[in-house]
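Every number here is computed from the coordinates shown, using simple stated rules; none is lab data. Only a predicted model underlies this, so the values are computations on that prediction, with no experimental measurement involved. Cβ coordinates were reconstructed from backbone atoms using ideal geometry, including for glycine residues, and neighbour counts include every protein chain displayed.
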Amino acid sequence: MRAKIISFSLQFVLWLLFILLPVYNNPEQFSNNEFLFRFLGRHFFYLALFYFNYFYFIPKILKQKGLGQYVFIVLAALIVVFLSGGIVEGWLFNSRQLSGPMFFSIIPLIQIYAVSTAFRLTLDYFNQTIIQKKLEEQNRLAQIRFLRSQINPHFLFNTLNNITALIRLRPDEAEKCIGTLSELMRYMLNSGTQEKTELSNEIKYIDNYINLQKLRLAKNFKINYMAKIEEGSVFIEPLLLVGFIENTFKHGVSGSEDDFIEITIESKINYLELRARNRIHQLNNIDSIVSGIGLENTKKRLQLCYKNNYTIELQTDCNIYDIKLRLNL
């Protein structure tokens, strides 16, 4: 719509200049009524030719039937307009006697066609570019929503089993866990309609996620979690950080006394850093950790949402899996 407004505004200015400049350069001629009528008649034909080409010849002939038919139609229209100028001239000024095709010069007619075609093709190009960008954006958002929707069923299944066990042993604690799970699921559902969310909401979601994960861990399991957020509103892609955290719980819990999980999230107004560390036990293959479905899902979303505005550093020294994410916000 914006491209169309700009195009017609520019056309309006050019038509004004095209009509008014001859008046400005030689105003004495326009005091002659016959010359004035000839001038207005000529420009009426110019105007009709311009917009007939703009609204009909290009979209209906050139775009649908090809260049060959378009060139034929344009040449035919030029001949008709060139000859009809003589008929109009004879009708108006020589008592309906034809005075010959001297009413028009062929060069301005060709120029009118050229300018009209340039305007229309330029407008169509910009419209097509806008449509293409909208389709790309819709496709990008659809991919993001699909990736967000891939909830880990194992986490939900294990959490429900743990809550079932708690109901028999510690019903008060089980009730709190059900409330926590309800908040977590509500956030996951609501995030599907949001392009960005406040980091504080994401941190609250991660808090709930870790608390529910603790249900299946021994009380002496070493887990160190810290979130340090600078005051002020920071917005990020929903459900993005939890993919890295989920990976630590999936591959960092083996039942060994040496197991541990460390998660640190630090945020300022223009960047965010997440670091997740866990011990790699022998049952795990490092390739499966690095290329797991959950982590690959998260990396795809990072590329779709942040493109080149993020870095991931990965180290696997001394049986410790250490991943660091930095987002430029």
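Once you've got the Cα coordinates, tell me which of Lys219/Lys299; Lys133/Lys250; Lys196/Lys219; Lys4/Lys60 are over 29 Å apart. Kindly include the intermediate steps, with their values, before the conclusion.
Values: Lys219/Lys299 32 Å; Lys133/Lys250 38 Å; Lys196/Lys219 35 Å; Lys4/Lys60 18 Å.
Flagged as over cut-off: Lys219/Lys299; Lys133/Lys250; Lys196/Lys219.
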Listed by chain and number, the aspartates and glutamates with an alpha carbon less than 13 angstrom from that of Lys134, same-chain partners under 8 positions apart left out, are none
Report the label-to-label distance for Ile229 and Glu175 in nanometres (one decimal), using points 7 Å from each Cα along the Cα→Cβ vector.
2.8 nm
Evaluate E = 1/(1 + (r/R0)^6) for Leu160 and Ile131, where r is the Cβ-Cβ distance and R0 equals 45 Å; express this FRET efficiency to the nearest 0.05.
0.45
Quickly work out the Lys63-to-Asn190 label distance, labels modelled 7 Å from Cα along the C-beta direction, and quote it in nm with one decimal.
4.4 nm
